[in-house]
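All of the numbers you see were taken from the coordinates with simple rules; none came from a lab. No experiment lies behind these values; they were computed from the predicted model shown. Because the Cβ atoms are built from the backbone with ideal geometry, glycine has one as well, and the counts that use them run over all protein chains shown.
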Amino acid sequence: MRRDITSWYSHNLNMDMPLVAYGHAGYPLLMFPTAAADYLEYERFHLIDAIKDFIEAGLIRAYSINSVNKYSLLNKESHPAWKVEMLSRYDKYITDEVLPLIRNECGQDARPLTTGASLGALLAANTYFKHSDAFRGTIAMSGSYDIYNYLEHHYDDNVYFNNPMMYLKNLNDDYHLPRMRKADSIVIVTGQGNYEAPDRSRDLSRVLHSKGIPHRLELWGHDVAHDWPWWRKMLPYYLGEFLK
């Protein structure tokens, strides 16, 4: 399997941001790591191995990037305003820096599918919902889609526009909403076992349903925990559905 690592200094984040691409061809998949992890996390925990058949067959080219969670939502030393400022800068890093790289390699009309587990699910879903014209959809696994609990009751525009549970409720525009209403690849999946919080996925599903946005809410069993063995089952299953 082809594996390419590249890095550059992000002008949006003012730091070096490496990424890794797996595969030689196929539909682009943009992967967001969990918690404060890095761009190689999905390789270390064998999630890349779980989808390698798609990659080696040239059906998927997977791009895994760093997060800024350790500087933003998970940084207990920073003021909440800075935490969400970093999320907004990260969003620009994705659209202004990562997306052009993907399109240079996969075609200028490419609209990547996003995915992530745990806190990565929030980032993956947020990226799609904010940029439905640039991304195809999302497979969000075991996520929580309301960032307000990380912010000590702080509120500003960056909070609102990086919090899917806030902005989706008020989405009534003539640009993104019609696109989302034609979506065929929004999957919100969670287990119901240890350390999972299925109500968070249900809450997001209710908002999407209220806006007429088609999606799949998938609740796996009460034995399905918030852990890697299950994410290694979830992602290839839904990628297989996506590629049919």
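Some notes on this structure:
- Helices (runs of 4 or more DSSP H) lying entirely in the range 138-215 (those with 2 or more residues that are in contact (Cβ under 8 Å) with a residue 12 or more places away in the chain and over 24 Å from LYS70 (Cα atoms)): 176-180, 198-210
- In the range 1-23, the residues that are in a loop (DSSP other than H, G, I, E, B) and either under 17 Å from the mean Cα position of the chain (by Cα) or exposed (fewer than 13 other Cβ atoms within 10 Å of the Cβ) (or both): MET1, ARG2, HIS11, ASN14
- Qualifying residue in the range 176-189 (condition: crowded, with 17+ Cβ neighbours inside 10 Å and more than 19 Å from ARG136 (Cβ to Cβ)): no
- Members of the range 2-24 that are within 24 Å of TRP231 (Cα to Cα), out of contact with any Lys or Arg (no Cβ under 6 Å at 6 or more places or on another chain) and without any contact (Cβ under 8 Å) to a residue 60 or more places away in the chain: ARG2, ARG3, ASP4, ILE5, PRO18, VAL20
- Residues that are basic (Lys, Arg) and more than 20 Å from TYR167 (Cβ to Cβ) within the range 185-244 comprise ARG216, ARG232, LYS233, LYS244, listed in sequence order.
- Residue list for the range 82-118, filter: over 18 Å from LYS130 (Cβ atoms), touching a Ser or Thr at 6+ places or on another chain (Cβ under 9 Å) and part of a helix (DSSP H, G or I): TRP82, LEU101
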